[in-house]
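One structure is given here, and the rest of the page talks about it.
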Amino acid sequence: MFYAAEAALLTKQLQFAKHSAVIANFNREFVKSGRLQSHMFKALEKGFTLRNQGDYGILPLDPEEADSLLAQTRTFLEEIRRLLEAEGYGLGEAP
């Protein structure tokens, strides 16, 4: 999801070095502006939190929480695909 959010921001010539800046600016540029629904920001934020927990935490991820995030990720990527295509970026078929 993070790289999809970065791709969306690049359509506005915005690029950031920190994960937190990408997430915050994705929210500002696409959710707060009304282009995308708030569940998109929540999913991105949740994905980042779980990624950090999985990479650096001492407790394993809950399988149900991971499954839920996987479903949210699919929705997130499809909505970003639609956004990019609406901006004129041809992406081809989804895998």
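Quick look at the values:
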| read-out | value |
| --- | --- |
| Stretch gain in nm, segment Glu6-Arg81, where the contour uses 0.36 nm per residue and the Cα spacing is subtracted | 25.8 nm |
| Set of region 1-31 residues, backbone N closer than 17 Å to the point 7 Å along the Cα-Cβ line of Ala66 | 1 |
| Length added when fully stretched, Gln13-Leu91, from 0.36 nm per residue minus Cα-Cα | 26.2 nm |
| For region 1-43, average projected area of the Cα convex hull in nm² | 2.6 nm² |
| Built amide H within the under 5 Å cut-off of Leu36, gap 5+ | Val31 |
| Semi-axes of the equivalent ellipsoid for region 2-86, Cα gyration tensor, largest first, Å | 23, 15, 10 |
| Range in the chain, longest, excluding exposed trypsin sites (Lys or Arg not before Pro) [loop by DSSP; at most 14 other beta-carbon atoms within 10 Å] | 36-95 |
| Only Lys, Arg (+1) and Asp, Glu (-1) charged, at Cβ; region 36-95 dipole about Cα centre in debye | 120 debye |
| Taking the chain and dividing mean pair separation by its residue count, relative contact order in percent (alpha carbons under 8 Å, at least six apart) | 30 percent |
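Every number here is computed from the coordinates shown, using simple stated rules; none is lab data. If you're wondering where the values come from, they're calculated on a predicted model, not measured in any experiment. Heads up, the Cβs are rebuilt from the backbone with ideal geometry, glycines too, and the neighbour counts pull from every protein chain shown.
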